[in-house]
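The values are calculated or read from the model by the stated rules, or taken from the named source; none is laboratory data. All of these numbers come straight from a predicted model, not from anything done at the bench. Cβ: placed from backbone, ideal geometry, glycine included. Neighbour counts: every protein chain shown.
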């Protein structure tokens, strides 16, 4: 509904790719809210340097454009704006394997992402361990319902005053909750935003839509661990990290998610580092070249 079905994909090919017939493992990188595939261009020098300094072996990386009307697909299947999970797991993986010299096997295929992309990486890895063998989530969001998106948040109180798409476009958290809703609790018969939200203040008092709330829980990894525990145990490696100063909506849910994994007996790595939600990630000394790439170098089959 209103989304362009044709999507761009940016693919990083390692130095020497065109001079040999060698096949490479693939890292699928999922971008964050408001992002798109063009983020690969400024990231490429970090990847080149990591290979040139022999910090990691050569690999292929793919980033697809999954930005939507309200800035993010959350990599979910929805009746309102498309099946983004299927696109990623089926169409994108197949396209990359068919058009580049990948090692087309789950043991040589990892998934990662930042923020919304970190959420998507965890979601798709826990649902599709037959496609991805390892996952690294950089400061993932939307793992659970937190204060900014909770029943007493100003976000839903403010949302009750919005009437048009133009009103919504002036907000940030408003667009986030609509993107959540269109991804997890869509309603194609409810314009202009086409979603049932779990919390509503249009009457002036909190009204809880239990059906929509359950749908959100069904799509947030914190509440999915028990259902997908066996899938999580099939993954070769799991890691998430987050900046200490990223804000409570990231630090608390990431720590809680790690604790829930531990309680469920799911082996994983979790690390809090000094930084915010965005700094110390896309820099020469940041998380991507110093942590994420070596992680996949250790756990993917070359």
How many residues are in contact (Cβ under 8 Å) with a residue 60 or more places away in the chain and within 18 Å of the chain's Cα centre (by Cα) if we restrict to the range 172-216?
9
Restricting attention to the range 148-167, the residues that are under 23 Å from the mean Cα position of the chain (by Cα) and more than 19 Å from residue 209 (Cβ to Cβ) number exactly 0
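Table: residues versus (1) assigned by TED's automatic domain parsing to the domain that holds residue 256; (2) under 30 Å from residue 283 (Cβ atoms); (3) in contact (Cβ under 8 Å) with a residue 40 or more places away in the chain; (4) touching a helix residue (DSSP H, G or I) at 6+ places or on another chain (Cβ under 9 Å).
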| residue | (1), (2), (3), (4) |
| --- | --- |
| 116 | yes, yes, yes, yes |
| 120 | yes, yes, yes, yes |
| 125 | yes, yes, yes, yes |
| 136 | yes, yes, yes, yes |
| 152 | no, no, yes, no |
| 156 | no, no, yes, yes |
| 159 | no, no, yes, yes |
Give just the number: which of (1) at pLDDT 95 or above; (2) surrounded by 19 or more Cβ atoms within 10 Å (Cβ to Cβ); (3) on the phi < 0 side of the Ramachandran plot does residue 75 not satisfy?
(3)
Per the list (1) crowded, with 16+ Cβ neighbours inside 10 Å; (2) touching a strand residue (DSSP E or B) at 6+ places or on another chain (Cβ under 8 Å), residue check on residue 224 breaks on (2)
Using the structure shown, decide if residue 245 is in a loop (DSSP other than H, G, I, E, B) and farther than 25 Å from residue 291 by Cα.
no
Among (1) in a helix (DSSP H, G or I); (2) in contact with a helix residue (DSSP H, G or I) (Cβ under 6 Å, 6 or more places away or on another chain); (3) at pLDDT below 95 - the single one residue 192 does not satisfy:
(1)
With the checklist (1) surrounded by fewer than 18 Cβ atoms within 10 Å (Cβ to Cβ); (2) under 24 Å from the mean Cα position of the chain (by Cα); (3) in contact (Cβ under 8 Å) with a residue 40 or more places away in the chain in hand, flag the one item residue 41 doesn't pass.
(3)
Flagged in the range 21-59 as more than 26 Å from residue 72 (Cα to Cα) and not in a helix (DSSP H, G or I), in numbering order, are 21, 22, 23, 24, 25, 53, 54, 55, 56, 57, 58, 59
Regarding residue 69, is this residue in the same structural domain as residue 286 (by TED's automatic domain parsing) and either modelled with pLDDT of 95 or more or in a helix (DSSP H, G or I) (or both)?
no
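Going through 212, 121, 144 one at a time, which residue ends up being modelled with pLDDT of 95 or more and surrounded by 22 or more Cβ atoms within 10 Å (Cβ to Cβ)?
Working: 212 fails: surrounded by 22 or more Cβ atoms within 10 Å (Cβ to Cβ); 144 fails: surrounded by 22 or more Cβ atoms within 10 Å (Cβ to Cβ).
Unique residue meeting the criteria: 121.
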Identify the single condition in (1) within 18 Å of residue 89 (Cα to Cα); (2) out of contact with any strand residue (DSSP E or B) (no Cβ under 9 Å at 6 or more places or on another chain) that residue 65 does not satisfy, given that it satisfies every other one.
(2)
